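The values are calculated or read from the model by the stated rules, or taken from the named source; none is laboratory data. What you see is a predicted model, and the numbers here were worked out from it, not measured in a lab. When we count neighbours, we look across all protein chains shown, and the Cβ atoms used for this are built from the backbone with ideal geometry, even at glycine. Just the protein is used for accessible areas: all its heavy atoms, side chains included, with ligands, DNA and RNA removed. Shrake-Rupley method; radii C 1.70, N 1.55, O 1.52, S 1.80 Å.
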Amino acid sequence: MFTSPFFRRLFIPYLILLWLGIGWVGVFGAMRLRTSYLDNTRQAMKNESHLVADLAVPLLKNRDQSGLSELSKRLGGSLGRRITIIDAAGVVIADNEADPATLDNHHDRPEIIAANTQNDSDSVRESRTFHETLLYLAHRIQLDNGDIYYVRLSEHLSKLDESLRALYVALIAAAALAMVGTGLVSYYLAHRHAAPLVQLNEFATALTHGDLASRILRPQNDEMGTLAVSLNAMADSISELLAQAGKDKAELAAILESMSEGVIAANLKQQVLLVNDAAGRLLAFPPREAMGKNLWEVIREQQVLQAVKQVEIEGGRTTVTVGPVAGRKLEVTVSMFPAHGQAEGLVVVAHDVTESSRYQELRKEFVANVSHELRTPLTVIRGFVETLQDGAFKDPIKGPQFLNTIQKHTDQLANLVNDLLELSRLESQPSLPRLQNVDLSSVVRKAADLLAPAAARKSQQLIVSAPNQLPPIVGNMDYLERAVSNLIDNAIKYTRENGRIRAVAKAENGHVIVEVSDNGLGIPEADLARIFERFYRVDRSRSREMGGTGLGLSIVKHVAQVHGGSIEVSSTPGEGSTFRFKIPAASSETSSV
Ligand code: ADP
């Protein structure tokens, strides 16, 4: 507290003023004490001189020398003063403290000279007899016969000073006590007045240093107290606002971080204010180091920087497509962000459009493929129909041949439309319809039975190994039959006559596997990865010749996927291929479906 300047400014002047007051009162009191003491002594001596004079008059009339001497001694003793009786010539007649014979003439003493004119007079001076300062009071007596005498009383000032000294000591002690008392009172008052201000100051300093938990305790019941209560309330509001701001910031950060879009916010000087990890990932910069940097230090894509420039000049928003940046294709939107109706900065939002643009590409490719697949049989059909119309239908040999060709291509068209429908159904259905426990062994047997005539036509050996005790799988019977049929059908199609096809159903590590192998044409290494794509065929014309649509394996792959399984292939050109269609076996809970 004592270190507080405000406290010192209150306490020290208070103290100085009070001590000066006490000192002045003390000195003035001491001076007054001496004067009034002298006045009182003078008055007392005057009265005493009159008394002595009254008693001395009869003795003086009788010129009773010894009586006077005895009177001066008696009264001097009881009054405690020196009493001197002097005649008009200045000769000392009696004196209680000195032998009159030894005393010189007193006519020139100032009090004696003055007593001639004033009756009573006094003087303070050094005694020629005692060589010390004395207070003299002389009273003139005029007898009836006109003789003049003087009664002079004197008091040693050393005696007076002695009495005064005791008083002075008491006075000094009282003053010292008063000083200590006033010091304590000043300290208390200064403390009382300074404490709230010091507390306010400490509180404000704590707030400035970010200590928002600091409060003014026990506010007083005055204006300072009201101020303290208001400041406490203000600190509460600030804490609440800051907590809210912190919460908002955390929320914003959480939102930004959960976004798949990259977001960069910058002020009008293009300094980065906000950035999320996605922005760093998409635009290939370290997001943690981007804060406070300029946009051109962070973003390297010139197209985006140009868009930033354009939006800065023209306002509004601009979208540019960039990439590939780090292997991704991006759509970047730059726009102004207004706050309170005024442009405050720029927001750069980067979307990863790699997938969607790939999807667009695939869609375009698919439409082109479908059109192409449809066009070929349609062109053939139209050509043969026209030829028939031109008269060929009358030709007994070519007519039926042309009709056969038309039928083959119509079947091809029907196969294509069926496969397309099947694929679109598989892709559009989020969950499998008509789920049931399926025994893949019986599926394999059924498919093999259906396709046995086709294999027989090519004199192929179709070997089926499908044990009865296979665990069931949960799935859609139609789709599974279609998938297994596609695999056996392909094996028949792409295996020469007299070839061998093997269809095996078996259980392995919680899965049921249908393995279809052949010793046919096989698939070149380069094509293996692509044969499950739609419309992909190793040998397009052969596939068409066989009535293939290029969608069979796509359907198999989708069926495997919607059942939570997979399809694998291994093949050696000229030796044959093996397809492994793998579906998880039903667990005990699901097998009751
Ligand atoms: P397709 O209708 O042409 O048979 P798929 O999708 O069923 O279409 O098969 C795609 C391509 O994979 C076929 O065109 C063929 O080239 C190749 N392929 C499929 N199965 C076999 C197989 N067992 N042996 C050799 N090649 C095959």
Need one value: the accessible area of His131 in square angstrom, 1.4 angstrom probe, rounded to the nearest 10.
130 Å²
Quick one: what are the phi-derived ³J(HN,Hα) couplings along region 119-132, Karplus 6.51/-1.76/1.60 with θ = phi - 60°, whole Hz, x for glycine and proline?
6, 10, 8, 9, 7, 10, 6, 7, 6, 6, 6, 9, 6, 8
Amide H contacts of Leu462 (H built 1.01 Å from N, under 5 Å, at least 5 apart or other chain)
Ile501
How much accessible surface does Lys446 have with a 1.4 Å probe, in Å² rounded to 10?
100 Å²
For the chain, share of DSSP beta bridges that run antiparallel, in % to the nearest 5:
95 percent
Relative to the longest principal axis of the chain, what angle (0 to 90°, nearest 10) does the C-alpha long axis of helix 157-208 take?
10 degrees
For Gly522, enumerate residues with amide H under 5 Å from its amide H, sequence gap 5+ or separate chain, H modeled in the peptide plane.
Gly574, Gly576, Ser577
In sequence order, calculated HN-Hα J values of region 287-299 (Karplus, 6.51, -1.76, 1.60; Hz; x Gly/Pro):
x, 5, 8, 7, 4, x, 7, 7, 4, 5, 7, 9, 9
Cβ-based net charge around Gln412, under 11 Å, with every Lys or Arg adding one and every Asp or Glu removing one
-2
Between helix 5-61 and the chain: long-axis angle, C-alpha atoms, 0 to 90°, nearest 10:
10 degrees
Environment charge at Leu241 (Cβ cut-off 13 Å; Lys +1, Arg +1, Asp -1, Glu -1):
-1
Approximate spin-label separation Ala88-Ser428, in nm, with each point projected 7 Å along Cα-to-Cβ:
16.4 nm
Given all pairs of different Cα atoms, what value in angstroms does the Kirkwood hydrodynamic radius of the chain take?
38.7 Å
Compute the acute angle (0 to 90°) between the alpha-carbon long axis of helix 552-562 and the principal axis of greatest extent of the alpha-carbon atoms of the chain; round to the nearest 10°.
40 degrees
Ignoring everything except DSSP H segments at least 4 long, calculate the 222 nm mean residue ellipticity for the chain; use -39,500 (n - 2.57) per segment, divide by total residues, nearest 500.
-18500 deg cm²/dmol
For region 124-196 versus region 434-507, the gap between their alpha-carbon centres in whole angstrom:
141 Å
Whose amide H sits under 5 Å from the amide H of Val474, counting only residues 5 or more places off or on another chain, with H placed in the peptide plane?
Val438, Ala586
Solvent-accessible area of Ser258, probe 1.4 Å, all protein chains present, reported in Å² to the nearest ten, please.
90 Å²
